Amino acid sequence: MRNRSQWFLMIILAALLVASIWYCLQIWRTTPAMPPYGNVVMSLAALVMVVFGSGLIALMYFSGRKGLDETARMSRRSRKWRPVRDPTPGQDS
C-alpha cells in the first residue's frame with residue numbers, strides 16, 4: 001500500500017467487514033434454532049450445488065484443454081464486417 005487512498009479504502013473495507021460480522025452474529029443469536037430436517041435439507045442442497053459446480057468447472061477445463069472451443073473462436077475472428085442491408089428494399093430513409 002503506497003498511498004493514502006489505498007489505506008483509506010482498506011480501513012473502510014475492514015470496518016464494513018467487522019460491522020457485517022457483528023450484524024450477522026446478532027441476528028444469529030436472536031433467531032430460533034432450525035429443526036433437524038432443515039439442517040438435513042440445507043446440507044443436501046449445499047452438497048448438490050458443490051457437485052454441480054465442480055462438474056461444470058471440470059467440463060470447462062476439459063473443453064479448454066481439448067481445444068473444443070477453438071473452432072468457434074477462429075470462425076468468429078475470420079468473419080469480415082459486412083453492412084446490414086435494409087429488409088424492405090425500395091424505401092429510402
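Laboratory data are not the source of any read-out in this text; all were calculated from the coordinates shown. Keep in mind the model is a prediction, meaning the values are calculated, not measured. Quick reminder, even Gly has a Cβ in these numbers, built from the backbone with ideal geometry, and neighbours come from all protein chains shown.
Near A58, within a Cβ-to-Cβ distance under 14 Å, what is the net charge of the other residues, with Lys and Arg +1 and Asp and Glu -1?
+2
Calculate the spin-label point distance for R4 paired with L25, positioning each point 7 Å from the Cα along the beta-carbon direction, and give it in nanometres.
According to this spin-label approximation, the distance is 3.2 nm.
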